[in-house]
Amino acid sequence: MSPDFYDQVAPIRLRDPLAALLGAFEGGVYEIGYREVVKLAGHSCPTVAGAYLMARTGLQALYGDELPVRGDVRVDLPASVDEGVTGVVANVLSFITGATERSGFHGLAGQFDRRNLLHFSQPVAHALALTRVDTGEKVSVRYDASGVSADAAMRPLMSRVLSGQGTQQEAEAFGALWQARVRAILIDHCDDPAVISVAR
């Protein structure tokens, strides 16, 4: 069982020309939801939630009423791949946008190449930047969940659980409190400019 709120998070609807060509999805149109991102990352935390929100908010700013085109977005991150949580954020953005560094699809007949669309250690003002390859339009996305407070009981429970001293009941209580904060970020603060915002 996983938290019910995963399915309450608004999904990201995309158009993928490669998926259309190869018959994977009719018209290449499909949705990526938060639950799928959690499976990719193997966990749900403020970083994973933030990466999802940044992708959704940034793509909406770039495409407006159009469907974002997967495989046609460049992702720039300010830190190196092994610094802090950069790798986690990069994995989520790669999953959603299709952008990869060198390991992605090479393309067909000069089309659909997903490589060289993900870049690290770039001069980005905020958490990341997204650029439409077709138009060159670029947005930078800011994310800061520090104002979304956690229950005061979470930190001592985390210490007990990680030290091996916690009971099963305490471990479950910690997990519930942890996910409650993630829920607050994704549901209650998903449009809060103090948490997530875009600059052009």
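The values are calculated or read from the model by the stated rules, or taken from the named source; none is laboratory data. On a predicted model such as this, the values are computed, not experimentally measured, just so you know. Every residue, glycine among them, receives a Cβ derived from its backbone with ideal geometry; neighbour counts consider all protein chains shown. Protein only, heavy atoms only, side chains kept; ligands, DNA and RNA dropped before computing areas. Shrake-Rupley method; radii C 1.70, N 1.55, O 1.52, S 1.80 Å.
Of the listed requirements (1) without any contact (Cβ under 8 Å) to a residue 24 or more places away in the chain; (2) open to solvent by 20 Å² or more (accessible area, probe 1.4 Å); (3) over 17 Å from the mean Cα position of the chain (by Cα), Ala150 misses just one: (1).
The one condition from (1) modelled with pLDDT of 95 or more; (2) within 18 Å of Thr57 (Cα to Cα); (3) in a loop (DSSP other than H, G, I, E, B) that Ser94 does not meet is (3). Here is the figure for region 49-72: residues that are of a type in the set (A, V, I, L, M, F, W, C) and within 14 Å of the chain's Cα centre (by Cα) total 6. Highlighted here are the helices (runs of 4 or more DSSP H) found entirely within region 1-74 that include at least 2 residues which are modelled with pLDDT of 95 or more and open to solvent by less than 20 Å² (accessible area, probe 1.4 Å): 34-41, 46-63. Candidates are the residues of region 97-112 that are in contact (Cβ under 8 Å) with a residue 12 or more places away in the chain, closer than 22 Å to Pro68 by Cβ and assigned to a loop (DSSP other than H, G, I, E, B); the one that is most open to solvent (accessible area, probe 1.4 Å) is Ser103. Residues of region 159-197 that are in a loop (DSSP other than H, G, I, E, B), closer than 19 Å to Cys45 by Cβ and modelled with pLDDT of 95 or more: His189, Cys190, Asp192, Val195.
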